[in-house]
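Structure record follows, encoded as structure tokens.
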Amino acid sequence: MELKGSTKVEYEEREIVAQEMQKLPHDVIYEILIRASFSTLLCQSQWVCKDWQKLITCDTNFQQSHSKRAVSSGHFFQVKTFNQTIVSFVPSNNDHEGQCNSVHEVQSPSLDFLPTAKSILIAGSSLHGSLLCCITKSSCSPIPSYYMCKPASREWRKIPNPKTRFKSSLIGIAVKQSSCSILRYKILRLSQSNTGFGYHCQLFNSESWAWKTLSFVQFKRHGTFLKGGDGIWVNGGLHWLTNYDEVFVFDTERETWTTFKVSPEMKNISGAYRVAVCCDGKLGVIYNTHEWMELWILESYSTTAPTWKRKYRNDTRSLHLNVKHLYAHHMWSNNTVMMMSRYELIAFNCDQNTYTPTKVPVSAGVPYAFQPQFCYL
């Protein structure tokens, strides 16, 4: 039997995945399923095996356990109050759609499992929010503490402090999961020099559990700086855009860096806000103005001869008429761009040219996406 809307190859791939999953121990499968969204389980379990479908739809113990452990997807925001910075979570509008979530309440994640502190600052996030690098400040000491945490499982571990003589400008987190489910990660900390040009570079390795100072990043072209935001982790490197329409990439294995160019057509785009994103595991760049938005994807990854392709061009004039001070921030899915305004977070569907607004807290900073269905276990 072939699934409606699926090719023969896709069906065969699903069959192979289903067969491999059934080889896993029952307790491992249980832990995997209990971390997935209930809507995904209901939709997909019937295509895997009858045992899974029975567990999900008939086992009340599993359903009760899932309702207690399941967390919603959405965004963390840093909100400044009178004398402290707190972290607030705003659920995605998609989390409460459908029949399943009307029965099973989805919990919103928080960072209240971190040691008590006067304020919590999110310094950086890995893809999908699997790992957050957080800085806490206590009223008892002026020295901050650094933590790596997993919001999906509420686990945390204190890491050594980097050399904070230089103020952190950018953070990138590279994560790998081994076959034995051990997370290995590296944190790249870039601090702009006092002159404003070039970056002091520190790298934390979870295997050595230490920071290492690397060579100073000095660009050939005077006045080059990196655009803000978390580094985009794809193809073994952390990526940022520069102000001269180049891509800076740091290779986390070789601990070296280089820059490469965008396409001539992209370089000729003027007057547009631009941001680097991850789309379907590939590096992308979004350009947006008050009239249109374009998404370009690096189809063939190469630092010497990159091949870029435009995936979307959308008319956004009606959106900007209704929502002021709007800019693209990151990709939520392969066809959905998250955009920020002063009071709202906008999910813009590039296929349908539609958008869904979500209110954000007053005085909220930039959003940190959290999608537990994609998080490392």
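The values are calculated or read from the model by the stated rules, or taken from the named source; none is laboratory data. Since this is a predicted model, take the numbers as computed values, not measurements. Cβ coordinates were reconstructed from backbone atoms using ideal geometry, including for glycine residues, and neighbour counts include every protein chain displayed. Calculation scope for accessible area: heavy atoms of the full protein, side chains included, ligands and nucleic acids excluded. Shrake-Rupley method; radii C 1.70, N 1.55, O 1.52, S 1.80 Å.
Rounded, prolate or oblate: pick one for region 117-164, where a ≥ b ≥ c are the square roots of the eigenvalues of its C-alpha gyration tensor, a/c under 1.5 means rounded, and failing that, prolate if a/b is larger than b/c, else oblate.
Judged from the Cα gyration tensor, region 117-164 comes out prolate (a/c at least 1.5, a/b above b/c).
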request  = Consider all pairwise Cα distances in region 169-219 and report the whole-number % of them above 11 Å.
outcome  = 69 percent
task = Evaluate E = 1/(1 + (r/R0)^6) for Y343 and Y244, where r is the Cβ-Cβ distance and R0 equals 41 Å; express this FRET efficiency to the nearest 0.05.
result = 0.80
request  = Check cross-link reach from K261 to the lysines: straight Cα distance under 25 Å, and skip same-chain residues fewer than eight apart.
outcome  = K220, K227, K282, K309, K311
query = Say a paramagnetic label sat at a point 7 Å from the Cα of A305, along Cα to Cβ; which residues of region 262-285 have their backbone N under 17 Å from it?
reply = 262-264
note = FRET efficiency (F82, F197; Cβ distance; R0 35 Å; to 0.05) is 0.45
message = For a test of the definition: using alpha carbon positions, the gyration tensor, and the 1.5 limit on a/c, classify region 231-275 as rounded, prolate or oblate.
response = prolate
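With a ≥ b ≥ c the root eigenvalues of the C-alpha gyration tensor of region 153-300, is it rounded (a/c under 1.5), prolate (a/b larger than b/c) or oblate?
oblate
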message = Which chymotrypsin sites (Phe, Trp or Tyr not before Pro) in region 194-234 sit in a loop by DSSP (not H, G, I, E or B) and have at most 11 other Cβ atoms within 10 Å of their own Cβ?
response = W209
query = Taking the Cα centre of each part, how many Å lie between region 137-168 and region 106-135?
reply = 10 Å
ask   = region 198-277: Rg/Rh from Cα coordinates, Kirkwood Rh?
value = 1.00
request  = Return the lysines within reach of K50: Cα separation strictly under 26 angstrom, same-chain partners fewer than 8 residues apart disregarded; answer none if there are no such residues.
outcome  = K4, K8, K23, K68
request  = Go through region 290-377 and name the chymotrypsin sites (Phe, Trp or Tyr not before Pro) that are in a DSSP coil and have 10 or fewer other Cβ atoms within 10 Å of their Cβ.
outcome  = none
query = Quick one: how many Å² of E253 are accessible to a 1.4 Å probe, rounded to 10?
reply = 110 Å²
